[in-house]
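Here is the structure we will look at.
The values are calculated or read from the model by the stated rules, or taken from the named source; none is laboratory data. Since this is a predicted model, take the numbers as computed values, not measurements. No Cβ is skipped: glycine too gets one built from the backbone with ideal geometry, and neighbour counts run over all protein chains shown. Accessible surface is based on the protein model in full, side chains and every heavy atom, while ligands, DNA and RNA are left aside. Shrake-Rupley method; radii C 1.70, N 1.55, O 1.52, S 1.80 Å.
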Amino acid sequence: MSTALAGLLSLSGWSLAQSQPQRAQQRTQTSSAIAAASSAAKPHTQQQAARFLWANATVYFLMTDRFLNANPRNDHAYGRQADGAALRSFMGGDLAGVTRKIKEGYFNALGVNAIWITPPVEQVHGATDEGSGRSYGFHGYWAKDFTRLDASLGSEQDLRELVDTAHKHGIRILLDVVMNHTGPATEKDALWPDSWIRLDPVCTYQDVPTTVACALVKGLPDLKTEVMKDTPLPPVLAEKWKAEGRYEQEVRELDTFFARTGLPRAPRYYLMKWHTDWVRRFGIDGFRADTVKHTEPELWKELKTLASEAHSDWKRSNPAKVYFDEPFYMTAEVYGYSLQQGQQFRMDGGSQINYFQYGFDSLINFGFKSDAKADYETLFSSYARQLHGPLKPYSVLNYISSHDDDQPFDPLRQQAISAGTRLLLSPGAAQIYYGDETARDLQVAHARGDAKLRSVMNWDELKKNRRVQHSHVQEILQHWQKLGRFRQQHPAIGAGQHQQLTAQPYTFSRILQQADWQDQVVIALDLPAAQPVSITVAPVFADGSRVKDSYTGHSAIVKDGKVSLPRAGIVALIAQDQ
């Protein structure tokens, strides 16, 4: 256990069972194993042209059940039926479907270097009506058992193959984790005991207590993560494990965990053990934390510490599978946070909390969907100032649409190409919600509530190249791919300093200077497609330099501070020609 968590626990009167010399020896062994693994690891199947930075990451967020059905045999696990309201039943997507698309190169072609999957843990078996019709836990946020993979998504071998395949393709895996609530009661699923959960009061968001010590919505069991005393296992979970023949094993693992850490057997620490097991067993690279502002802030710092140790344990145990040397990463859903708030999130009731100090490397930027409506220079320059000023050294995860945001940037997909330009070229990390790149429908007429945002991935539209609003699907995807691959190759786009070069055509530079390397690009937007164009590249590229426009593939020599392209695309992506 780390010194950081030891300090946190000592404030609460708890001590760690592991001695400082033992921990120092473990850290030394871990570092040696990781170093050896780095030299022995196989190369990625796609050549990595640039250093990876989370500040420039392109994260593909998919709802596993809605992405691709590769194994119809697991479609009706636990006797689930297709009797939910529109888009509220399980639709068949599975982990094997994600793996198939990784192998096909879909994500590499899009420049994706991280995939965020919805919680894969076993969901409630039955359905309930939360106000929008009969609904199942297809989304992953209604856990029944945090220790078991949901059979509708596949097997543990499927998860292992997904992570291993992603790593070989230069892609990290982010696991969505829920510390706030379990799944609701259904005709097939009983509630956990009062020692673990509460159903009321429902949150009123007047201050911190009425945002944290309450149920998010009526009927959703809120976990009592504030409880710090020993608490027995929920009987319903213990009986489930006994029926599955794994009660003794699970209890032994819990005994070992609590003996090693010296932590109390409190609900929050059971949850941390269960969540970090996925890291230790499968090599998960990071967490996306759900409903963060509805739990105690210090909880997340403790989780980060335990997850980081689990990550190191996995690397030490699997040296041949270690492809990345980054530390464990965490990003947070702090609902309502926007980049303009800097490091201080204004909590309900006016309290301010710096969530970056509680283990998070970035926060999801709920403001981007609105900020993206500004002109390019206003958007880009304001974001660069914040990221290199008040937010430094942290970052944000920008998005234009998401699974529970009913006000996306472009709900009718009328600006699918422009949306890609704004998202993928803005400072900060970028979150592509599945189907942003193919104009998947976000306004499904027959669905209600957030189900409208969760349609099945439109592979058929992509294959048939259907027209969506003003463009064909393949044209939209090709635009996103060109921007995404250029972004992946040039960390300066998300993490570099921004400077406008000319107003017409709008041209800017991004330069990232590190101690031992530099990355620099020039980008021009809204060009007259298919026509000759002259673009200012000074002072970034000197006269006589050979540069390449990755959008069209044209190379040219800089002359008089400019580069001339014989046939422009709508965007020019200019970097040194290698």
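What to note about this one:
- The numbered conditions (1) within 30 Å of D65 (Cα to Cα); (2) touching a Leu at 6+ places or on another chain (Cβ under 9 Å); (3) of a type in the set (S, T, Y) are all true for S509 except (1).
- Among the candidates T305, T295, residue that is modelled with pLDDT of 95 or more, farther than 20 Å from P120 by Cβ, of a type outside the set (F, W, Y) and open to solvent by less than 10 Å² (accessible area, probe 1.4 Å): T295
- Index of the failed condition, N465 passing every other in (1) touching a strand residue (DSSP E or B) at 6+ places or on another chain (Cβ under 7 Å); (2) over 16 Å from D549 (Cβ atoms); (3) in contact (Cβ under 8 Å) with a residue 40 or more places away in the chain; (4) not aromatic (F, W, Y): (3)
- Of all residues in segment 286-339 being among the charged types (D, E, K, R) and under 16 Å from the mean Cα position of the chain (by Cα), the one that is farthest from A429 (Cα to Cα): K304
- For segment 210-221, the set of residues classified as surrounded by 15 or more Cβ atoms within 10 Å (Cβ to Cβ) and under 13 Å from N180 (Cα atoms) consists of T211, V212, A213, C214, A215, L216, L220, P221, listed by residue number.
- Which numbered condition E239 misses (of (1) open to solvent by 70 Å² or more (accessible area, probe 1.4 Å); (2) within 21 Å of G336 (Cα to Cα)): (2)
- Counting only residues that are surrounded by 14 or more Cβ atoms within 10 Å (Cβ to Cβ), assigned to a loop (DSSP other than H, G, I, E, B) and over 32 Å from the mean Cα position of the chain (by Cα), segment 538-576 holds 8 of them.
- Scanning segment 55-107 for residues that are open to solvent by 10 Å² or more (accessible area, probe 1.4 Å), of a type in the set (G, A, S) and at positive phi returns G79, G105.
- Consider segment 391-416 and keep the residues that are of a type in the set (D, E) and touching an Asp or Glu at 6+ places or on another chain (Cβ under 8 Å). The one that is least open to solvent (accessible area, probe 1.4 Å) is D404.
- Subset of segment 95-141 (residues that are in contact with a Leu (Cβ under 8 Å, 6 or more places away or on another chain) and aromatic (F, W, Y)): W116
- For segment 471-478, the criterion of being under 19 Å from the mean Cα position of the chain (by Cα), assigned to a strand (DSSP E or B) and among the hydroxyl-bearing types (S, T, Y) is satisfied by no residue at all.
- Here D194 meets each of (1) more than 15 Å from I117 (Cα to Cα); (2) in contact with a strand residue (DSSP E or B) (Cβ under 6 Å, 6 or more places away or on another chain) with one exception, condition (2).
- Only one entry in D150, D158, D176, D207 is open to solvent by 10 Å² or more (accessible area, probe 1.4 Å), in contact with a Gly (Cβ under 8 Å, 6 or more places away or on another chain) and touching a residue at least 40 places away in the same chain (Cβ under 8 Å), namely D207.
- Strands (runs of 3 or more DSSP E) (entirely within segment 482-537) containing at least 2 residues that are open to solvent by 40 Å² or more (accessible area, probe 1.4 Å), free of Cβ contacts under 8 Å to residues at least 60 places away in the same chain and not hydroxyl-bearing (S, T, Y): 497-503, 506-513, 518-525
- Across segment 132-176, the number of residues qualifying as β-branched (V, I, T), closer than 19 Å to F67 by Cα and in a strand (DSSP E or B) comes to 1.
- Condition met for R385 (open to solvent by 10 Å² or more (accessible area, probe 1.4 Å) and on the phi > 0 side of the Ramachandran plot): no
- Pairs with Cβ under 9 Å, 6+ apart, first in segment 404-419 and touching a residue at least 60 places away in the same chain (Cβ under 8 Å) and under 21 Å from Q481 (Cα atoms), second surrounded by 19 or more Cβ atoms within 10 Å (Cβ to Cβ) and not β-branched (V, I, T): A416/D410; A416/D436; A416/E437; A416/A439; A416/H479; A416/W480; I417/H479; I417/W480
- Residue within segment 351-359 that is at pLDDT below 95 and of a type in the set (S, T, N, Q) present: yes
- Flag for A451 being free of Cβ contacts under 8 Å to residues at least 12 places away in the same chain and either within 22 Å of D290 (Cα to Cα) or open to solvent by 20 Å² or more (accessible area, probe 1.4 Å) (or both): no
- Exactly one residue out of D460, D441 is at pLDDT 95 or above and part of a loop (DSSP other than H, G, I, E, B), and it is D441.
- When residues of segment 120-130 are limited to those that are part of a loop (DSSP other than H, G, I, E, B) and either open to solvent by 10 Å² or more (accessible area, probe 1.4 Å) or modelled with pLDDT under 95 (or both), the one farthest from F324 (Cα to Cα): E130
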